[in-house]
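Values in this text are rule-based calculations from the coordinates and carry no lab data. Keep in mind it's a predicted model, so treat the numbers as computed, not measured. Here the Cβ positions follow ideal geometry from the backbone for every residue, glycine too, while neighbour counts run over all protein chains shown.
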Amino acid sequence: MAQARAETRRAMAVAEEQEMKARTQEMQAKVVESEAEVPLAMAQAFREGKLGVFDYVNMRNIQADTDMRESISGVEETKSTEPPPDRDDD
């Protein structure tokens, strides 16, 4: 009886883990989709005069500075298009 309950709990845990993996992949797809919209939004902001050349250069400078600081600190950022590594903690 206890063994059957343990197997049921194990099966539920495996199913929940698979659901979490699927949700993670869905979220990663949404991030990639959103990242693809950024250049389009920036182009529209340029056309509408809401973003100037100085603003763009300043933003790129901040991005470069952030990248430099991350490389110095040794923090490795995973690309949003790459799935997270599978963890087998069995």
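So the values come out like this:
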item: R0 of 35 Å, Cβ-Cβ distance residue 58-residue 18: FRET efficiency to nearest 0.05; result: 0.20
item: Relative intensity, log₁₀ I(q)/I(0), of the stretch 2-73 from a Debye sum that treats every alpha carbon as a point, q = 0.17 Å⁻¹; result: -0.84
item: Distance (nanometres) between label positions extended 7 Å along Cα→Cβ at residue 28 and residue 51; result: 2.7
item: Under 5 Å, built H, 5+ apart or other chain: amide partners of residue 51; result: 46
item: Ranking of 34, 73 by count of other Cβ atoms within 10 Å, fewest first; result: 73, 34
